[in-house]
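K.L.:
Sharing a structure below in structure tokens format, with a few things to ask.
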Amino acid sequence: MPKIKLPTKSPRIDMTPMVDTFAVILIFLLLTSQMRSPEPANVDMPFSISETPIPDVNSMTFLISNDSKVYFNVDNGPDTTLKFRRKILEEMGKAYNIEFTDKELTLFEKYPSPIGLPIQNMKDFLNANSAERKNMETGIPIDSADNQLSMWILYARQVNPNVRATIKGDSETEIPAVQKVLNILQEKNVNRFNLVTSLEAVKINLDEIQK
Amino acid sequence: MAEIIQAEKGGKGGKKRAKKLLPHMDMTPMVDLMMLLITFFMLTTSLSKSKVMEMILPPKLKDPNAEPPKIIASRTLNILLGPENKIYWYTGGVSPDEYNNLPPVRETDYSAEGIRALLLERNRALFRKINDFEQQVLEGKIKIPRDSVQSAISKLKTDDDTGPIVLIKAYKKANYGNFVDILDEMNICGIARYTIMDIAFYENTMVEKAAGITPSTASTN
């Protein structure tokens with residue numbers, strides 16, 4: 001009886017379907033996601049049932065961390081066409097007698113995160129590297145003696161009148177810190193706010209409650 | 001990655017024929033690359049956008065002599081956001097001669113059985129109206145364009161005159177999460193009229209008394 005010879009073939013897996021799947025996933029991710037901009041403080045957002053997505057343009061964001069520091073951002077990251085960020089910093093510089101060079105303005109324009117430091121340190125901050133920057137963010141001064149946040153709001157609204165206020169707070173922040181920011185905004189006649197939240201599904205059953 | 005390529009054995013020693021081989025491409029490096037890219041994108045991007053909840057505050061009265069708007073005390077529901085995720089509430093107002101004898105507050109929490117049940121109980125008429133309306137829209141009994149549903153609901157809310165007028169006041173030890181939670185409850189329960197106010201000094205005392213905090217540090221906000 002002749003021996004049965006098994007054909008010796010290299011164990012080769014056809015990778016093509018795998019490549020196809022990966023390509024689909026990759027394209028899906030590319031299309032549906034946007035880059036996450038790094039945040040200076042970790043913010044744990046509260047939940048709500050609201051389903052309105054956060055606006056990308058015409059917004060100024062106030063980030064309130066749980067140690068009551070306030071950070072400010074315009075348009076969620078770097079802007080390109082309208083150059084609001086550059087103009088706002090220029091105006092701020094004028095108000096506080098600080099001259100920003102073109103390079104510094106460009107750096108600020110490209111800076112992707114909220115900023116939270118006194119304007120006096122802004123020059124050093126922009127010229128520092130990212131490791132040094134981390135220690136420099138002490139929050140924007142909001143005391144009545146040196147209310148820089150109110151100046152930021154003033155110039156943000158002057159440069160872009162359509163700007164809307166968005167508040168992003170950590171759920172552990174104590175309420176007085178938030179109220180202070182709200183009061184400063186109200187002094188500047190801003191009465192509409194967007195509160196950033198994460199989505200939470202809630203269902204209420206009317207019959208159940210009536211029992 | 002190494003791969004053993006074995007020469008295929010030719011025919012039975014006869015004429016050597018050029019074997020038709022499919023152009024086989026090795027996809028492994030491509031797979032590796034794609035895996036890397038996918039991992040990179042998964043880590044650096046956020047898939048879902050955050051949501052926002054709109055809040056409108058009444059403008060501050062600039063003129064000190066201007067009268068604040070008057071509301072009916074019987075419809076008023078005062079919600080005091082207390083420390084440690086507790087809510088204290090009382091109805092009606094407190095007149096100046098009651099300052100030494102403050103009305104008691106009731107305690108509740110942020111759960112569905114707590115504040116939501118309380119609000120729904122008081123807002124039942126309006127809530128049912130909104131619910132019925134939405135149901136009828138879903139069943140197609142009311143033909144209305146999709147985007148005017150919201151404005152129709154807000155019309156129902158404006159016309160309502162039985163639901164509570166909720167005044168939300170936050171004690172200084174409450175946190176922002178509580179604040180958003182209570183606004184969220186307002187939306188869930190379809191409360192037509194609510195506003196956020198600064199806490200009054202007597203309400204501070206009421207919260208402190210109910211929560212058992214020594215009022216040494218009590219001060220008006």
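K.L.:
If I model a spin label at residue B:138 and residue B:158 as a point 7 Å from the Cα along the Cα→Cβ vector, what separation in nanometres do I get?
P.N.:
2.7
K.L.:
On to the next question. Assuming R0 = 22 Å, what is the FRET efficiency of residue A:57 and residue A:32, from their Cβ-Cβ distance, to the nearest 0.05? If you can, show how the numbers build up before the last one.
P.N.:
Values: r = 19 Å, r/R0 = 0.88.
According to the calculation, E is roughly 0.70.
K.L.:
In whole Hz, with x marking every Gly and Pro, tabulate ³J(HN,Hα) for the stretch A:97-102 from phi via Karplus 6.51 cos²θ - 1.76 cosθ + 1.60, θ = phi - 60°.
P.N.:
Working through the residues one at a time gives 6, 10, 9, 9, 6, 4 Hz.
K.L.:
Among bridges DSSP assigns within the protein assembly as shown, what percent are antiparallel (round to 5)?
P.N.:
Antiparallel bridges: around 55 percent, rounded to the nearest 5.
K.L.:
Can you tell me the FRET efficiency between residue A:134 and residue B:198 if r is taken as the Cβ-Cβ distance and R0 is 30 Å, rounded to the nearest 0.05?
P.N.:
So the FRET efficiency works out to roughly 0.25.
K.L.:
Work out from phi, with θ = phi - 60° and the Karplus expression 6.51 cos²θ - 1.76 cosθ + 1.60, the ³J(HN,Hα) of each residue of the stretch A:22-29, listed in order in whole Hz, and give x for Gly and Pro.
P.N.:
In residue order, the calculated couplings are 4, 4, 5, 4, 4, 5, 4, 4 Hz.
K.L.:
May I ask you to derive the FRET efficiency for residue A:23 and residue B:98 from their Cβ-Cβ distance with R0 = 56 Å, giving the value to the nearest 0.05? Before the final figure, lay out each step's value.
P.N.:
Working: r = 72 Å, r/R0 = 1.29.
Efficiency computed from Cβ-Cβ geometry: 0.20.
K.L.:
Follow-up. Looking at chain A, send over the antiparallel percent of its DSSP beta bridges, to the nearest 5.
P.N.:
In chain A, approximately 35 percent of DSSP beta bridges are antiparallel ones.
K.L.:
Okay, next question. Suppose each label sits 7 Å from its Cα in the direction of the beta carbon; what would the residue A:39-residue A:6 distance come out to in nanometres?
P.N.:
5.7
K.L.:
Per-residue mean of other chain beta-carbon atoms within 10 angstrom of the beta-carbon, peptide A:177-184?
P.N.:
3
K.L.:
Using only alpha carbon pairs under 8 Å that are at least six residues apart, calculate the relative contact order of chain A and give it in whole percent.
P.N.:
Normalised by residue count, the contact order of chain A is 28 percent.
K.L.:
Let me ask something additional. Can you list residues whose amide H is under 5 Å from residue A:197's amide H, if they're 5+ apart or on another chain and H is modeled 1.01 Å from N?
P.N.:
Close amide H contacts, sequence-distant or interchain: B:51, B:52, B:53.
K.L.:
How far is it, in nm, from the label point at residue B:57 to the one at residue B:72 when both lie 7 Å from their Cα along the line to the Cβ?
P.N.:
Calculated label separation equals 2.9 nm.
K.L.:
Can you tell me how much longer the chain between residue B:151 and residue B:40 gets when fully stretched, taken as 0.36 nm per residue apart minus their C-alpha distance, in nm with one decimal?
P.N.:
Net length gain for the segment: 35.7 nm.
K.L.:
What is the set of long-range amide H partners of residue A:82 at a cut-off below 5 Å, with H atoms built 1.01 Å from backbone N?
P.N.:
Those lying under 5 Å, H to H, from residue A:82: there are none.
K.L.:
If each DSSP helix of 4+ residues adds -39,500 (n - 2.57) and the sum is divided by the residues in the protein assembly as shown, what number results at 222 nm, nearest 500 deg cm²/dmol?
P.N.:
Roughly -11000 deg cm²/dmol at 222 nm, from the helical runs in the protein assembly as shown.
K.L.:
For the stretch B:188-202, list residues with backbone N below 19 Å from a point placed 7 Å from the Cα of residue A:49 toward its Cβ?
P.N.:
Once the point is set 7 Å along Cα→Cβ of residue A:49, B:188-195 turn out to lie under 19 Å by backbone N, inside the stretch B:188-202.
K.L.:
Karplus couplings for the stretch B:120-133 from phi (6.51 cos²θ - 1.76 cosθ + 1.60, θ = phi - 60°), rounded to Hz, Gly and Pro as x?
P.N.:
5, 3, 7, 10, 4, 4, 5, 4, 5, 4, 5, 4, 4, 4
K.L.:
So who's got an amide H within less than 5 Å of the one on residue B:174, skipping anything under 5 residues away but keeping other chains? H placed 1.01 Å off N, in plane.
P.N.:
Excluding prolines and chain starts, which carry no amide H, the hits are A:175.
K.L.:
With angles folded into 0 to 90 degrees, how steeply does helix A:175-187 sit against the dominant principal axis of chain A? Use alpha carbons for both and round to 10.
P.N.:
Compared with the principal axis, the helix lies near 60 degrees.
K.L.:
Same structure, new question: What does the structure give for B:178-185 when I average, per residue, the other chain Cβ atoms found within 10 Å of the residue Cβ?
P.N.:
6
K.L.:
Along the Cα-to-C-beta direction of residue B:30, a point sits 7 Å from the Cα; which residues of the stretch A:1-34 have their amide N less than 20 Å from that point?
P.N.:
A:11-30
K.L.:
Remind me, relative contact order of the stretch A:95-211 in percent, using alpha carbon pairs under 8 angstrom and six or more residues apart?
P.N.:
Rounded, it is 19 percent for the stretch A:95-211.
Every number here is computed from the coordinates shown, using simple stated rules; none is lab data. On a predicted model such as this, the values are computed, not experimentally measured, just so you know. Note: ideal-geometry Cβ built from the backbone for every residue, glycine included; neighbour counts use all protein chains shown.
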